[in-house]
């Protein structure tokens, strides 16, 4: 249950509390945007790819609780941050199969994340999947997604993979948001999104609405 003191605060005040006490790279205006978008969700769940210490996860969950209380799935290997020691590196515009990827250290940084989740009393609707995105999708229960926030590995091949794997769960009218949209790999993946399938929208966080 959300702490009663949070119920007395505006969205801006809630985000200020989260941003001041939970580490992360998401800016305050971006956190507020996530909060407000989550508040609108009613027809599907929220999925976040890349949760780190939980700043954006908490904003999504608190927004959800201020609205219709839909579930939030937090996908992250919680491997201590950064990429894998020996990541797959290939360009998906080329033919051929990627090299083997090594999946290591899953869960080593999960406790600080979950401590932050509990601090803001959203553990009842946050469902962590402690895996790399392409493995987590196999464990995902398949629920329709209304808001998908992608903030994982920013290299093109991984952003493209996240889009390919997770956007099929989006409901019509659902939103996919991509953090750091000016990064080369993220921008390239965005540029390649089919305008027949997605309406692209600029905002505090770049997002696209599924047609």
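Calculate how steeply helix 55-66 sits against the longest principal axis of the alpha-carbon atoms of the chain, using the helix alpha-carbon long axis, and give the answer as 0 to 90 degrees to the nearest 10.
Between the helix axis and the principal axis of the chain, the angle is about 50 degrees.
Would you please state the base-10 log of I(q)/I(0) at q = 0.18 1/Å for the chain, with intensities from the Debye formula using one equal scatterer on every alpha carbon?
Listed by q, the Debye log ratios stand at -1.34.
Using Cα atoms only, what is the angle between the long axis of helix 11-21 and the major principal axis of the chain, expressed in degrees (0 to 90) to the nearest 10?
Approximately 70 degrees, to the nearest ten.
Mind jotting down the distance between the C-alpha centroids of the range 8-78 and the range 139-175, whole Å?
Using only Cα atoms to place each centre, the spacing works out to 17 Å.
Quick one: order 41, 31 by neighbouring beta-carbon count within 10 Å, fewest to most.
Working: 41 23, 31 28.
Taking fewest neighbouring Cβ atoms as first place, the list is 41, 31.
Find how much the distance from residue 211 to residue 105 grows on full extension, using 0.36 nm per residue of separation minus their present alpha carbon separation; answer in nm with one decimal.
34.4 nm
Compute the long axis of helix 110-119 from its Cα atoms, compare it with the longest principal axis of the Cα atoms of the chain, and write down the angle in degrees, 0 to 90, nearest 10.
Roughly 30 degrees, rounded to the nearest 10.
Using Cβ counts within 10 Å as a stand-in for footprinting exposure, how do 103, 158, 183 rank, fewest first?
Final ranking by Cβ density, sparse to dense: 103, 183, 158.
Would you order 178, 170 from fewest to most other beta-carbon atoms within 10 Å of each residue's own beta-carbon?
Going from sparsest to densest Cβ surroundings: 170, 178.
I'd like to compare 45-56, 108-119: which one has the highest average count of other Cβ atoms within 10 Å, and what's the full order after that?
Ranking, from highest mean packing down: 45-56, 108-119.
No lab work stands behind these numbers, since they all come straight from the coordinates. Everything numeric in this text was worked out from a predicted model, so none of it was measured. Virtual Cβ from ideal backbone geometry, glycine too; neighbours counted across all protein chains shown.
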